[in-house]
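Below is one structure, written out as structure tokens; the observations come after it.
Since every read-out is calculated from the coordinates, none of them should be taken as a lab result. All values derive from a computational prediction rather than experimental measurement. Every residue, glycine among them, receives a Cβ derived from its backbone with ideal geometry; neighbour counts consider all protein chains shown.
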Protein chains: 2
Amino acid sequence: MYKKIKSVLIGNALKSTDSESEKFSVLWGLPILSSDAISSVSYACEEILIVLIPVLGLASYKPLMGIAAAIVALLLILVFSYRQTIDSYPNGGGSYSVASDNLGHTAGLVAASSLSIGYVLTVAVSTCAGAAAITSAFPSLLPYKAPIAFVLIAFLTLGNLRGIRDSSILFGVPTYIFMAVMAVMIVTGIVKYLVLGYVPEPAVALEMRQSTRDISMFLILKAFSSGCTALTGVEAVSNGVPNFEKPTQKNAKHVLALVAVTVFIIFSGVCLLASLYQAVPKEDITVIAQIAAKIFGYDSVMFYVVQVATAVILVMAANTSFADFPQLLSLLAQDGYAARRFASRGARLSYSNGIILLFGLASILVFLFHGETHALMPLYAVGVFLAFTLSQTGMFRKWLKSREGRWMHKAFINGFGALVTAVTCVIIGVNKFAEGAWLVLICIPLLTLFMTLVKRHYNRVSADLSIPKSGSLLILKEQPEKHILLPIESVNKSFVKAFNYALTLGGSIEVYHVSTDPAVTEKLKKQFAALGTDAQLVIEEAPYRNVNETLLNHVDQRMNELKKHEMLTVVLPQFVIRRRWHYLLHNQTSLLLRSSLIKRRNVAIISIPYIIPD
Amino acid sequence: MYKKIKSVLIGNALKSTDSESEKFSVLWGLPILSSDAISSVSYACEEILIVLIPVLGLASYKPLMGIAAAIVALLLILVFSYRQTIDSYPNGGGSYSVASDNLGHTAGLVAASSLSIGYVLTVAVSTCAGAAAITSAFPSLLPYKAPIAFVLIAFLTLGNLRGIRDSSILFGVPTYIFMAVMAVMIVTGIVKYLVLGYVPEPAVALEMRQSTRDISMFLILKAFSSGCTALTGVEAVSNGVPNFEKPTQKNAKHVLALVAVTVFIIFSGVCLLASLYQAVPKEDITVIAQIAAKIFGYDSVMFYVVQVATAVILVMAANTSFADFPQLLSLLAQDGYAARRFASRGARLSYSNGIILLFGLASILVFLFHGETHALMPLYAVGVFLAFTLSQTGMFRKWLKSREGRWMHKAFINGFGALVTAVTCVIIGVNKFAEGAWLVLICIPLLTLFMTLVKRHYNRVSADLSIPKSGSLLILKEQPEKHILLPIESVNKSFVKAFNYALTLGGSIEVYHVSTDPAVTEKLKKQFAALGTDAQLVIEEAPYRNVNETLLNHVDQRMNELKKHEMLTVVLPQFVIRRRWHYLLHNQTSLLLRSSLIKRRNVAIISIPYIIPD
């Protein structure tokens, strides 16, 4: 039943050898790995204007284009830097790998923490944005914002559990649609303005408040740091290299270039249109919607198409996290910094445990914030740029160390990238500190510490478990004496089954009864005698009716008498219950006993099942 | 740590042989077993007036006294009937025992269901009434009505877990205080009216609406059925007989007589005062409070004393349920109609499992109804009178069958009791049907059915487990061949420990590995060979990475090859985790595997613990 539901929802299991077919082509890798970047483009222009307009009014549009140019330049630097990373790290050149390889484990873990937090926040924020779009279309759904976001997360989770091939097509189509819609809007907008000579009505509320000369550096930096959200998601491609079809690195670099071109066109296009059509951020209508309204007219079909496509791309942004977070987690798990289970692939060859963890964490955030996660948005740009910086610095160190080939050229590119992203990171951190970036700056070291502790635990366990080279010596050649303890409550078939098994072990059997009621004990003695065995029946009184405690004390006593390497074997008859409600009717003392016994080093516990009739 | 908290809260464990000291004396048995009855008296008069006043106005007080007289007569009948029950059933002559003894199991179970429902409802209703008294004194606590009721229930639960001796003194004192306060009020009230010639101001809103001649039979019956709540709790004494000190039955009969006298004095006293002082039920002030105000004056100390004492006695009513419900449940458990655990006494010799169940059920009701359980009050009178009727009818049948001694006299008393309670039960059922009695009439048969199913399950299990008279034949004399399966993930100390143990068993060992990664398997083969053992290493591929499933299939295959009575022994190395968060880091596949294996009849599972370092 469970299996059937699973196979309907996520499909039948795939063989390990099928893993090559579960990879991205360039065609379907582009939308998955770019959706985060592209969707952040859709609100980056608005974020810049939110900072500028209240101070500069209509004078905002000139600095807007300047800031957009700076961000595009930063994008170019990142693209060239990451091309080099892809070349050097074919097995997933995420910031984690690059930083830990070249800057040490701690730097790697800091990068991994920053990115992980970013991925989880992206899922929460973008699905809540999608839920907000739905509730503004159907206001009666407003109280169900968090459940709607949860459903969106669940939908993405299921799609990703189906594996890369299915999910990349399922979730790639909306991204392509959004790209097409944006292209149409940008071209139409430019044509309408230049060719048809459209003159936008100036927004009534705005004047030239300040001359451009008064623009403070502080304001520009603040606007720039807000606009940098456009670049979150650019690192996705280099993190996801191993997910590409062969030739892996070539395909990845193609996709990176295409992502950059797409981001460039859409971001600069939207910023240009915002200037030309004098869009102003408002509570109830987004900048993109205003532009669409002015270009296509309110109530035109294209206006609604733009709205729907924007809402869908916001949700799709989460999908990049679903592609990269489990991948990162599997690397961490392989290195021992995360629980082992995250390193293994599920039935559909996706890293299902990582996907489910992402589902769980994002859902918790969504419900914790009642679907209002917009406040979390400024938080993760710091983390993302911290990861950028560490990755670039790592690459820079790598070239300095290797000094092979055109290392100076390469070191210059990555060094420049590191410098610029570091500066950006500081700008964002300072500007957004009070808005919540401090929270991320607390979480990153905590998460880093946690992963270090996980690694320490795994190291200790592995050291403890490992066998010295002369391993064969550990096998005991002589047979130690066997000590068997068989607790009895009453003489019945379950006991007889366990007793018969104990007899086959061929040691000395002690049948042990804890007495709480003299009448019951008398009856037991008679029944046991009737079995006609020469095993010893030991009876101990428990005046306080604490049966398990008495038995465990007895076990401990017996164990003290053992020689080194000798084990005490406890045979436990266990009732096996087939109907759930029958659990209410049986005490399960044997299970409780087992969980206490197993904590004792020199005990072997033998469970003999007795199937209870329905 | 857990033990320390437990001993502070409920005291140190008591020996089974101490049980004689954990019994009621007459002095402390009276308040515990009468608190339900006495507290219902405190509102029974009000319940009658609520029915009469809207129709009859000031003409209500004459029929009030008539109805009170009828209820007192019913009380007398019940007392005489129950004296006979106590004589005949020294081991707890509750309706359950009497009915199942004389009318068959089903009748007994119906009585038990009715009483159980009544007990649970009593706890929920009376603690909510207590919470309501607290919130009307401190209105800022109003939103926390349910949590306050929950705290009251928890307090009663803890007190009762401490055992009879502690709880009867702890909860007996408030009952005695209430009795004293009522006595003072009744005496003062009568003196003030008769001796000092006090004339109450007639309530303004009331007139003589109808002449007394027009009083319909229907109205009287309705008022009577409301007033019968005064009698709920009278059965408590005969249910709790085994809780009394020796001479058990004599003490129980003394207490029954005292309960009856107390109920008689307080109930008739309050009804008389209500008539003399013309109390009228109102939303914001109870009848008893009105009487107290008119006798002692508003803002007098005694007015507040009456208020507080009434609030406390309402909560104490729940305590009768805490004394009787676990007792009834233990009888049911001993007979196999409830889970066995309810038959055993806890650390303090109380039936702790029953107490905790009552705590849980009442708490659920309180939170489900947000602390507004007043609506549940009319429900349980039907159940209580159904139990009365079954018990009386049972006693009647008993005398008819035995025909010994003064059987005709005894049969007459119980027969009359049965007739009157049956009629009362029908009157209440009809009058309260729409108010919710139908719910109880659905729950009673459902609970009865459930208990029958429990009994059937226990019967089947016991038949299945029982050994034929020639029990000794079941012990196998010859040693069957031993088949040992030892799953391996990697060669480490935990495996070697398990392997060494398996070697001591002396059968053929199959070391079995499920391969999901060729590289890992190759390494394993080499390490295993290095151990220098002649045990067979079997490797099976799992192309779909479903390790446990593959292993279970292999087990099933191996089991098919077994002869009858042969067992397959599976040795499972098990990691024992000492810190909770480490659970996140280890897969516990061995536990999952164990829970699947144990469902197979011919498998013996040997768990070999390996303690993981911190």
TODO: Once the label point is placed 7 Å from Cα along Cβ, list for B:Met217 the distances to the corresponding points in the other copies, in nm, shortest first.
DONE: 10.3
TODO: Could you run the Karplus curve 6.51 cos²θ - 1.76 cosθ + 1.60 with θ = phi - 60° over the stretch A:230-245 and give me ³J(HN,Hα) per residue in whole Hz, x for Gly and Pro?
DONE: 4, 9, 4, x, 5, 6, 4, 5, 5, 5, x, 3, x, 7, 8, 4
- [ ] Mind pulling the angle between the C-alpha long axis of helix B:26-56 and the longest principal axis of chain B? Nearest 10 degrees, somewhere in 0 to 90.
- [x] 60 degrees
Task: Shielding by partners, peptide A:491-501 (average Cβ within 10 angstrom, other chains) - done: 5
TODO: Using Cα pairs closer than 8 Å and at least 6 residues apart in sequence, work out the relative contact order for the stretch A:22-458, in percent.
DONE: 33 percent
Open item on the list: Please compute the average number of Cβ atoms from other chains found within 10 Å of each residue's Cβ in peptide B:560-570.
Closed with: 1
- [ ] Within the set of other residues whose C-beta is less than 13 Å from the C-beta of A:Ala124, count the net charge using Lys and Arg as +1 and Asp and Glu as -1.
- [x] 0
Task: Residue-count net charge about A:Arg348 - beta-carbon cut-off 15 Å; Lys, Arg +1, Asp, Glu -1 - done: +4
Task: Histogram of C-alpha separations across the stretch A:213-326, 10 Å bin width, % - done: 11, 32, 32, 20, 5, 0
- [ ] Would you grab the residues whose amide H sits under 5 Å from the one on B:Phe244? Only those 5+ places off in sequence or on another chain, please, with H modelled 1.01 Å from N.
- [x] B:Phe24
Open item on the list: Taking a point 7 Å out from Cα toward Cβ as the label site, list the nm distances between B:Asn587 and the same residue in every other copy, smallest first.
Closed with: 3.7
Open item on the list: Which of rounded, prolate or oblate describes the stretch A:22-458 when judged by the alpha-carbon gyration tensor and an a/c cut-off of 1.5?
Closed with: prolate
TODO: Would you please give the residues with an amide H less than 5 Å from that of A:Ile611, counting only those at least 5 places away or on a separate chain, with H modeled from the backbone geometry?
DONE: A:Val576
- [ ] Express the Stokes-Einstein translational diffusion coefficient of the stretch B:248-295 in µm² s⁻¹, to the nearest whole number, given a Kirkwood radius over alpha-carbon pairs, 37 °C and a viscosity of 0.692 mPa s.
- [x] 266 µm²/s
- [ ] Normalise the Cα radius of gyration of the stretch A:61-175 by 2.2 N^0.38 Å (N = residues in it) and let me know the number.
- [x] 1.42
Open item on the list: If you filter the stretch B:375-407 for trypsin sites (Lys or Arg not before Pro), then keep DSSP loop positions with at most 10 other Cβ within 10 Å, what is left?
Closed with: B:Arg403, B:Arg406
TODO: Report, for B:Pro613, each distance to the same residue's label point in the other copies, shortest first and in nm; define the point 7 Å along Cα→Cβ.
DONE: 5.4
Task: Exercise: per-residue mean of other protein chain Cβ atoms within 10 Å, B:447-455 - done: 1
- [ ] Report the trypsin sites (Lys or Arg not before Pro) located in the stretch B:531-614 that are in a DSSP loop and have at most 14 other Cβ atoms inside 10 Å of their Cβ, or state none.
- [x] B:Lys563, B:Lys564, B:Arg578, B:Arg579, B:Lys599, B:Arg601
Open item on the list: Give me the tail of P(r) for the protein assembly as shown as a percent: Cα-Cα pairs with distance above 40 Å.
Closed with: 64 percent
TODO: Out of all DSSP beta bridges with both ends in the protein assembly as shown, state the antiparallel percent to the nearest 5.
DONE: 10 percent
TODO: Note the angle between two axes, namely the Cα long axis of helix A:287-296 and the longest principal axis of the Cα atoms of chain A, as a number of degrees from 0 to 90, rounded to the nearest 10.
DONE: 50 degrees
- [ ] Pull up the cross-link candidates among the lysines for B:Lys482, meaning alpha carbon to alpha carbon under 22 Å and not fewer than 8 places away within one chain.
- [x] A:Lys477, A:Lys482, A:Lys493, A:Lys497, B:Lys497, B:Lys563, B:Lys564, B:Lys599
Open item on the list: Can you tell me the orientation of helix B:248-276 relative to chain B, as the angle in degrees between its alpha-carbon axis and the longest Cα principal axis, to the nearest 10?
Closed with: 50 degrees
Open item on the list: Which residue in chain A puts its Cβ closest to the axis that rotates chain A onto chain B, and at what distance in whole Å?
Closed with: A:Ile606, 2
Task: Alpha carbon centroid spacing (whole Å) that separates the stretch A:382-403 from the stretch A:1-31 - done: 34 Å
Task: Shape category assigned to the stretch B:375-468 from the gyration tensor of Cα positions, a/c cut at 1.5 - done: oblate
Open item on the list: Taking 8 Å as the Cα distance limit and 6 or more residues as the minimum spacing, I'd like the relative contact order of the stretch A:319-474 as a percentage.
Closed with: 22 percent
Task: Rounded if a/c under 1.5, otherwise prolate or oblate - the stretch B:475-611, Cα gyration tensor axes - done: rounded
